[in-house]
Amino acid sequence: VYGHKDYMQYLVPGVIALALFFVAMVAGGIILVDDRARGIHEGYFVTPLTSLDLVMGLTLSATTLALCMGTMVTFSSIAIAQLPLIGGLPTILMVEFTIFLLGLGLVLFMFTLMARVSNPMTPRALFGILNVITFFPSGALYPTESYPGWLQALSRVNPMRYAVHALRGLLLKGVGFQAVLP
């Protein structure tokens, strides 16, 4: 499907997705719960900011951090894996848009999971479990077609699978926007 590619090149989209997961877990989970436990959020409520302002600000800051980290990991991975850029600048722009969407989705996912959490140890305890549930069924390490039936079913409902697939199509095949839009 991808022609002859080094396994290291095949892993690049998975590495990008994993980096975004870590950023979302820290910025969208751990920092949110730690700030709440320290009383920082209560300090926000004495300002004229609305709840929507706070949610949008936290989301924007965490997503921006994810985009910056995803961009650094992308270009580092491309250099280390010696991945040729098929499609040039349009491909890079689509990769950046995909990174933005995955970062936003993961940050909102973490915010949703941590909305009512008050114990600062909870996100740390969930970190490994969430990593296994989202990363391994995503097809980042092996093609999802090689998974057993039960894992393929889990993979089909995993949004990270589609992000890894889009990044792999863009970076390894140089496909266009229409190919990764779904």
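The values are calculated or read from the model by the stated rules, or taken from the named source; none is laboratory data. Since the model is a prediction, treat every value here as computed from it, not as a measurement. In this analysis, Cβ positions are derived from the backbone assuming ideal geometry, glycine residues included, and neighbour counts consider all displayed protein chains. What goes into the accessible areas is simple: the full protein's heavy atoms, side chains included, and nothing from ligands, DNA or RNA. Shrake-Rupley method; radii C 1.70, N 1.55, O 1.52, S 1.80 Å.
Per residue, the convex hull spanned by the Cα atoms of the chain measures out at 127 cubic angstrom. Distance between the C-alpha centres of segment 135-151 and segment 59-121: 21 Å, rounded to the whole angstrom. For the Cα atoms of the chain, what angle does the longest principal axis make with the long axis of helix 51-81, in degrees from 0 to 90, nearest 10? Its long axis makes an angle of about 30 degrees. Annotation for Val157 and Leu93: the two label points, set 7 Å from Cα along the Cα-Cβ direction, are 3.7 nm apart. Here the simple spin-label model places points 7 Å from the Cα toward Cβ, and for Ala115 and Leu60 these points are separated by 2.2 nm.
For the chain, the longest principal axis of the Cα atoms and the long axis of helix 159-168 meet at an angle of about 40 degrees. For segment 44-87, a Kirkwood hydrodynamic radius built from all Cα pairs, placed in the Stokes-Einstein relation at 20 °C and 1.002 mPa s, yields a translational diffusion coefficient of 166 µm²/s. In whole percent, and with a 1.4 Å probe on the protein chains, what portion of the accessible area of the chain is carbon and sulfur? Roughly 72 percent of what the probe reaches on the chain is carbon or sulfur.
So for segment 130-174, what are the equivalent ellipsoid semi-axes in whole Å, largest first, each being the square root of 5 times an eigenvalue of the Cα gyration tensor?
Values: eigenvalues 66, 26, 14 Å².
The answer is 18, 11, 8 Å, longest axis first.
Measuring max minus min along each principal axis, the C-alpha atoms of segment 1-92 give extents of 58, 25, 22 Å (largest first).
What is the packing order of peptides 159-166, 127-134, 37-44, taking the mean over residues of other C-beta atoms within 10 Å and listing the highest first? Kindly include the intermediate steps, with their values, before the conclusion.
On the way: 159-166: 21.4, 127-134: 14.0, 37-44: 11.5.
Top of the packing list down: 159-166, 127-134, 37-44.
Taking the C-alpha atoms only, the angle from helix 7-25 to the longest principal axis of the chain is near 10 degrees. The charge dipole of the chain, taken about its Cα centre with unit charges on the Cβ atoms of Lys, Arg (+1), Asp and Glu (-1) only, comes to about 300 debye.
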